[in-house]
Amino acid sequence: MLFVRPCSQHPLYTRCVFHLIALSIFATTGGITGCATSDSTRSSFATDTSNLVWPAPPEQPRIKFVRTLHSEDQIVPPESGLSSFRDSLLGKPTKAGRQLKKPYAVHADNKGRVFVADSGWGKVLVFDENNKAFSVWGTNGNGLLTKPLGLTSDSQGNVYVTDSVKQRVVVFDPNGEFLTAMGKKGELTRPVGIAVDDERNRVYVVDSKAHHIVVYSKTGELIEILGKRGTEPEEFNWPTNIALDKSGNLYITDSMNFRVQILKPDGTLHKVFGENGDGRGQFVRAKGIAVNSLNHIYVTDAAFNNIQIFNNEGQLLLDVGTLGNEPGQFVLPAGLYIDQQDRIYVADQYNFRIQVFDYLETEKPEMLDKNSAQGETATPREITKKYDLYDQEEQS
């Protein structure tokens with residue numbers, strides 16, 4: 001009869017167990033870097049980013065890269081090594097932090113929280129670094145979200161989110177509890193960008209598919225419609241996003257008219273700038289828009305994979321970024337937000353992250369020569385060849 005010795009009595013058993021335990025500890029503590037979950041689109045930041053600025057030296061720097069946000073693990077302290085080790089021995093999966101899937105819009109409130117409308121999740125993800133917390137809003141009940149594409153907050157800290165599939169605006173209190181919704185049947189078809197003017201009691205919603213701006217009171221009453229489809233001033237063709245300045249002027253990316261329209265608080269035209277083309281200061285797929293404290297106008301272009309910065313006359317000051325996955329590079333950037341400290345947040349969709357930059361104030365920003373070499377701007381043809389896609393979130 002063949003005698004089979006129990007594993008526990010096998011001379012190699014102790015040695016095998018020891019190696020398995022050591023291997024688990026090594027992997028848990030990050031010793032095996034090759035086994036760590038990685039994503040080629042999330043840079044390892046092996047290069048020094050502490051002095052990554054635009055324009056490049058020896059020019060006076062005006063924009064500085066700060067960081068990226070892409071995962072819960074960056075905010076919430078990980079489980080202790082002992083807990084992870086115990087779970088691995090028991091065959092339990094270790095907890096992996098939730099990550100951005102397709103961030104479209106971004107916003108930061110006065111508490112330091114960063115809100116991301118993620119169309120891949122179909123929810124709003126909240127990074128609260130001050131409290132080491134990460135949360136997901138719009139998961140159930142009356143505040144259930146399906147495809148959020150825009151968000152902002154008011155002076156009370158309430159958060160307004162556009163849902164392009166449910167054709168409404170959902171309003172949450174500062175803790176993420178549902179408050180109310182705007183957009184009765186037939187009022188909205190494809191809401192995208194949104195802005196709140198507390199002083200004038202106005203909520204502006206960009207209805208991209210209807211080619212106009214819907215104006216509500218903060219309590220949800222429809223006030224008026226701004227614009228219609230067309231190419232003339234105060235007319236729109238697939239507008240996407242909107243921002244306000246300190247005076248209540250509205251800045252709108254009129255995407256398929258390849259321009260930015262600036263309206264006065266009463267809705268009448270103030271200025272139009274921009275044209276279609278591959279050059280600096282021109283647009284192909286203008287998406288996010290924001291205005292800083294100096295009334296500099298920031299516009300992301302999903303075709304150029306960059307941010308273009310203009311003065312309030314529409315003259316180009318600087319462009320930031322190019323196609324890629326390193327810090328300061330983008331793949332189909334979308335939403336853009338600038339906080340009260342002039343910190344810049346950009347939704348970098350297909351790098352699955354938010355990139356954060358600081359504005360380095362100078363006394364007199366100079367206008368950029370459109371023919372000067374300030375980095376490479378990818379043309380739409382180059383992007384289509386490499387990725388074979390254009391993002392159509394607002395139209396789908």
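The values are calculated or read from the model by the stated rules, or taken from the named source; none is laboratory data. Predicted model only: the values in this text are computed from it and were never measured. Heads up, the Cβs are rebuilt from the backbone with ideal geometry, glycines too, and the neighbour counts pull from every protein chain shown. Protein only, heavy atoms only, side chains kept; ligands, DNA and RNA dropped before computing areas. Shrake-Rupley method; radii C 1.70, N 1.55, O 1.52, S 1.80 Å.
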At a 1.4 Å probe radius, carbon and sulfur cover how many percent of the accessible area of the stretch 294-353?
38
Between the stretch 221-240 and the stretch 260-308, the Cα center-to-center distance that results, in Å
16
Please list, by residue number, every one of the GluC sites (Glu not before Pro) in the stretch 178-287 that is coil in DSSP and has at most 13 other beta-carbon atoms within 10 Å.
199, 221, 275
Quick one: if you stick a label point 7 Å off each Cα along the C-beta vector at residue 268 and residue 295, how many nm between them?
1.7
In terms of the alpha carbon gyration tensor, root eigenvalues a ≥ b ≥ c, rounded if a/c is under 1.5 and otherwise prolate when a/b exceeds b/c or oblate, the stretch 266-342 is oblate
With the cut-off at 1.5 for a/c, could you classify the stretch 229-363 from its C-alpha gyration tensor as rounded, prolate or oblate?
oblate
Sites matching trypsin sites (Lys or Arg not before Pro) across the stretch 161-248 that sit in DSSP coil, with at most 12 neighbouring C-beta atoms within 10 Å:
184, 185, 228, 246
Whole-number accessible area per residue in Å² for the stretch 127-189, which is evaluated in the context of all protein chains at 1.4 Å
45
How many Å² of accessible area per residue for the stretch 239-336, probe 1.4 Å?
26
Just in the stretch 99-145: which trypsin sites (Lys or Arg not before Pro) are loop by DSSP and have at most 13 other Cβ atoms within 10 Å?
111, 132
Give me the number: length gained by fully extending residue 146 to residue 73, i.e. 0.36 nm times residue separation minus the C-alpha to C-alpha distance, one decimal in nm.
23.8 nm
On full extension of the chain, what length is gained from residue 225 through residue 110, given 0.36 nm per residue of separation minus the C-alpha to C-alpha distance?
38.4 nm
On the formula 1/(1 + (r/R0)^6), with r taken between the Cβ atoms of residue 275 and residue 201 and R0 of 35 Å, the FRET efficiency rounded to 0.05 is 0.50
Where the Cα atoms of the stretch 187-242 are projected onto their three principal axes, how long is each span, largest first, in whole Å?
31, 21, 17
Got a number for carbon plus sulfur as a percent of the stretch 120-251's accessible area, 1.4 Å probe?
43
Just to be sure I understand the model, the point goes 7 Å from the Cα along the line to the Cβ. What's the resulting residue 50 to residue 173 distance in nm?
4.5
Test of understanding: what is the full-extension gain from residue 98 to residue 181, defined as 0.36 nm times their sequence separation minus their Cα-Cα distance?
27.2 nm
